[in-house]
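Working notes, structure below.
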Amino acid sequence: MYKHLIPFLVLCITAISPAIAQDRSLSQTVRGIITDAESKQPLAGVAVVLASNSSINTITDDQGYYLLEGVPLGRQSFQFSYNGYSPRTISEVMISSGKETELNIPLTENIQRLKEVSVSAKRNRFGAQNEFASVSARSFSVEETKRYAATVSDPARMAMNFMGVSGSNDRENGIVVRGNSPKGVLWRLEGIEIPNPNHFNSLGTSGGAVSMLNANTLAATDFYTGAFPAEIGAALSGAFDLQFRNGNQERREHSVQIGTLGAEIATEGPFRKGGQASYLINYRYSTLTLLQGFFDLGGVLPAYQDLSFKVNLPTKNAGTFSLWGLWGLNVASKDATADSTEWSSDNPNFSLRAYGEMGVAGITHQYFVNNHSYIKTVVSAATDSYKSDIDSLNPTNNYSEVPTQHARHINTYYRGTVMYNNKLSSRHTVRAGIVAQQIGADMEEAYHDKERGEWIEFIKGKGSTQYYQAYMQWKARLTEQLTLITGVHSSYYYLTEKGTIEPRASLSYQLNKQTFALSAGFHSKPDHISVYLFQNDSLGNVIRQTNKDLDLLKAFHIIGGYETSLPLKMRLKAEVYYQHLYSIPVEADSNNAFSLLNTQNIYSLAEINKPLSSTGTGRNYGIDLSIERPFANNYYVMVSGSLFRSLYTSYAGDEYNTLFNRTYQLNMLGGKEFKLNSNGSRILGINGKMLYSGGLRESEIDLARSMQYEQLMMVPGQYYTKQGKPYFRIDGSVYYKFNRRHATHSLQLDVQNITNRRNYFYSYFDGKNGRIATVYQTGIIPTIAYRIDFHW
């Protein structure tokens with residue numbers, strides 16, 4: 001199975017070998033904008049200094065812009081200081097010759113600006129970019145996304161390394177946050193909600209096989225795991241708040257990458273020399289053909305491509321406009337074998353033609369009303385669509401095709417948001433906004449039921465609805481150590497005529513190197529529109545969409561947090577949490593225990609026969625711990641662990657484990673870089689990761705009844721009582737970077753599941769052989785990529 005990868009590795013080494021012999025004294029430019037953290041106003045006169053050589057320094061201009069030239073290659077640290085503001089140090093930034101480095105830094109104003117010696121806390125580098133987030137939130141950089149083993153530059157896979165977060169399975173990047181279904185995760189881009197940005201996703205889920213988002217186009221990302229600030233709505237368990245970075249406004253830069261996952265090309269730069277407008281474009285085409293030998297695709301050949309872009313257009317008097325977008329296309333195909341003797345679980349009897357597409361484009365405008373307030377407006381249009389046809393072959397009729405399933409889905413979204421932010425003083429900042437959405441759907445999906453001998457309409461519906469949100473939040477720095485953040489979020493879903501008012505508050509206290517925090521709030525979200533359009537009846541019958549009276553899904557979160565500094569530049573973080581989920585749709589049948597809390601997509605609704613009722617509840621509680629040492633002195637370490645329980649109640653009021661109640665998990669990761677020469681132009685990096693957790697839950701299969709009725713039958717009352725075997729996996733990566741004039745070459749090998757351990761996934765009833773069969777997760781998956789970043 002390595003026969004495809006070895007020639008590719010040799011090709012990559014040959015490509016960079018001419019550059020390896022060269023070793024020159026090289027330097028690079030570092031640039032960026034320094035702003036006030038609350039008002040976002042640019043700060044003029046900020047001192048920017050290279051920590052290792054104070055003679056390399058500059059100050060920001062009246063637009064907050066700085067340009068630091070002659071910075072040596074390798075890992076460098078930078079100091080930012082300004083009178084009346086807390087100084088910041090950004091450490092261990094990788095400087096390479098192929099691309100300029102952009103560092104946009106917010107500074108926090110001291111409360112008592114005239115005080116000669118201020119006891120001001122430095123900004124927590126682990127915290128979120130959002131100044132209104134105080135607990136269960138953190139930011140991670142593009143560089144981290146690239147560095148950690150088995151993330152393949154995917155933000156969702158990056159988040160799986162954090163405490164309280166795990167993956168749903170090896171083949172997808174859907175994330176389970178504190179025992180919640182991946183359906184509860186929100187994706188925001190440029191400050192507005194977007195459709196699921198993952199290739200090969202299932203209807204109604206938040207994950208997929210591969211992200212459409214490319215880490216090379218993203219700025220720092222905020223990720224939330226609970227008790228969200230008031231501006232975050234339509235989320236129950238987690239939220240990604242992503243921003244595209246701006247293209248280089250000084251010079252044109254380019255990137256090319258080839259690897260086992262396909263090819264990628266990117267370009268960025270100014271529209272004209274000396275102007276402030278810039279562009280950034282990234283295109284990727286990929287196929288998993290080279291990896292077929294490493295995991296079973298059931299004969300399906302998948303391929304995908306995506307495009308992301310941002311155009312930044314600052315103006316002198318009308319604020320800053322930006323045009324941005326994300327597009328992804330994926331196809332999957334399979335031809336059934338016209339020989340029944342070759343049919344098996346590895347070569348099933350079906351033909352597939354599937355096509356999925358998602359696209360979103362938006363315009364953002366930010367206008368400074370005065371030197372302490374601004375208005376940010378975002379409008380976007382998006383669509384996601386999917387169509388598929390599945391046929392089987394009839395061996396008794398010359399292997400003719402027999403249609404068995406078809407789907408046609410088109411969803412459209414028009415969204416707009418306006419946010420007003422006002423820094424009233426160094427102590428007080430307020431923010432308020434509204435969000436309006438127009439959601440359209442045209443959905444049809446049906447399958448042929450062999451037993452009933454007829455087609456069953458699974459989903460059928462066409463129409464549109466609206467979803468409105470509004471919020472207001474206030475940040476009060478009561479003292480240098482004590483901060484209070486309060487707010488309220490409200491929403492109304494026109495389709496079901498249900499609304500909420502959700503108060504939220506957090507309090508944090510900083511004492512020397514320790515931080516204590518307490519946060520609580522109410523949250524809600526509508527489910528995917530397909531849930532409300534669901535039906536399960538014979539084709540041609542009267543449409544019965546019995547879920548249109550469902551309430552919004554709701555939750556109450558309360559979290560206590562503690563952080564402290566440890567020796568060796570480490571930081572300990574602990575959070576204790578309790579989540580009460582309510583108004584959860586459950587099947588209105590006292591003899592069954594179906595709950596939407598155990599689902600990952602719309603297709604789980606095929607298990608039910610009765611309408612849903614918003615009377616279910618759930619509760620998640622536990623403790624998350626992490627010890628993290630950010631990259632310093634050429635290495636980093638992170639250990640995160642969780643002990644938790646995730647439970648739900650059925651329509652009858654009985655309580656069971658949820659599917660995602662793993663009860664424990666442990667992540668350990670770290671890495672080290674080695675300088676191969678004195679000036680840091682050649683670097684070898686090694687990263688490793690170990691994951692260990694309890695298995696997912698499943699219900700007991702009643703083999704005797706399953707054989708009797710020739711279909712899967714569960715033991716009554718034994719819902720999710722069985723826990724799968726513990727999950728264990730080791731990942732690793734190694735990369736080599738070499739800088740030459742105007743170009744940086746890198747070669748990376750990333751291996752998921754180095755030991756080739758086939759973790760237990762789930763069991764099912766094998767009717768053909770009359771037994772309970774087991775499905776295992778993927779084994780070893782290696783990926784290789786060669787990349788060059790360059791300019792001229």
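Leaving out ligands, DNA and RNA, and with a 1.4 Å probe, what % of the accessible surface on the stretch 151-271 is carbon or sulfur? Ligands and nucleic acids excluded, carbon and sulfur reach 52 percent. For the stretch 148-251, the spherically averaged projection of the C-alpha convex hull amounts to 7.3 nm².
Surface listing: 563, 607, 454 arranged by accessible area from highest to lowest gives 607, 454, 563, probe 1.4 Å.
Please arrange 477, 252 by accessible surface area, largest first, computed with a 1.4 Å probe and ligands excluded.
Details: 477 25, 252 110 Å².
Greatest to least solvent exposure: 252, 477.
Taking θ as phi - 60° and the Karplus parameters 6.51, -1.76 and 1.60, the scalar couplings of the stretch 673-680 work out to 10, 10, 7, 8, 8, 5, 8, x Hz in sequence order, x denoting glycine and proline. Other residues with beta-carbon under 12 Å from the beta-carbon of residue 487 carry, at +1 per Lys or Arg and -1 per Asp or Glu, a net charge of +1.
Helical content alone sets the calculated 222 nm signal of the chain at -1500 deg cm²/dmol, taking -39,500 (n - 2.57) per DSSP H segment of four or more residues and averaging over every residue. Exposure check, 1.4 Å probe, all protein chains in place: residue 528 carries approximately 40 Å² of accessible surface.
Inter-label distance, residue 492 to residue 452: 3.8 nm, where each label sits 7 Å from its Cα along the C-beta direction. The 1.4 Å probe gives accessible areas that order 445, 172, largest first, as 172, 445.
Taking loop as defined by DSSP and a crowding limit of 15 other beta carbons within 10 Å, which trypsin sites (Lys or Arg not before Pro) in the stretch 568-645 fit? Don't skip to the end; give the middle numbers.
On the way: sites: 569, 571, 573, 619, 645; in loops: 569.
Within the stretch 568-645, the qualifying trypsin sites (Lys or Arg not before Pro) (loop, at most 15 other Cβ atoms within 10 Å) are 569.
The long axis of helix 5-20 is offset from the longest Cα principal axis of the chain by roughly 10 degrees. The simple spin-label model puts a point 7 Å past each Cα toward its Cβ; for residue 399 and residue 652 those points are separated by 4.9 nm.
For residue 747, the shell of other residues with beta-carbons less than 15 Å away shows a net charge of +2, using +1 for Lys and Arg and -1 for Asp and Glu.
Could you sort the peptides 244-251, 366-373 by per-residue average Cβ neighbour count (10 Å cutoff), highest mean leading?
Final packing ranking: 244-251, 366-373.
Ordered by packing density, taken as the mean number of other Cβ atoms within 10 Å over each peptide's residues, highest first, how do 656-666, 399-409 rank? Write down the numbers at each step before the final one.
Values: 656-666: 21.1, 399-409: 15.8.
Result, highest mean Cβ count within 10 Å first: 656-666, 399-409.
For the stretch 549-622, the carbon plus sulfur part of the accessible surface works out to 56%, probe radius 1.4 Å.
Round to a whole number: what % of the accessible area of the stretch 392-538 belongs to carbon and sulfur, probe 1.4 Å? Percent of accessible area from carbon and sulfur atoms in the stretch 392-538: 58. Taken along its principal axes, the alpha carbon cloud of the stretch 624-752 reaches lengths of 71, 34, 23 Å, longest axis first.
Measuring from a point 7 Å past the Cα of residue 568 along Cα-to-C-beta, which residues in the stretch 42-82 have an amide N at less than 11 Å? Nothing falls inside the zone, counting backbone N under 11 Å.
Antiparallel beta bridges, as assigned by DSSP with both residues in the chain, represent about 95 percent of the total such bridges. All alpha carbon pair distances within the stretch 397-504 were sorted into 5 Å bins beginning at 0; the resulting P(r) in whole percents reads 2, 9, 12, 11, 11, 9, 9, 8, 7, 6, 5, 4, 3, 2, 1, 1, 0.
Could you do me a favour and compute the accessible area per residue for the chain, 1.4 Å probe, result in Å²? With the other protein chains kept in place, the chain gives 41 Å² per residue. Summing charges over all other residues whose Cβ lies under 12 Å from the Cβ of residue 568, with Lys and Arg as +1 and Asp and Glu as -1, gives +2.
The values are calculated or read from the model by the stated rules, or taken from the named source; none is laboratory data. Keep in mind it's a predicted model, so treat the numbers as computed, not measured. With ideal geometry, Cβ positions are generated from the backbone for all residues, glycine too; neighbour counts draw on all protein chains shown. Protein only, heavy atoms only, side chains kept; ligands, DNA and RNA dropped before computing areas. Shrake-Rupley method; radii C 1.70, N 1.55, O 1.52, S 1.80 Å.
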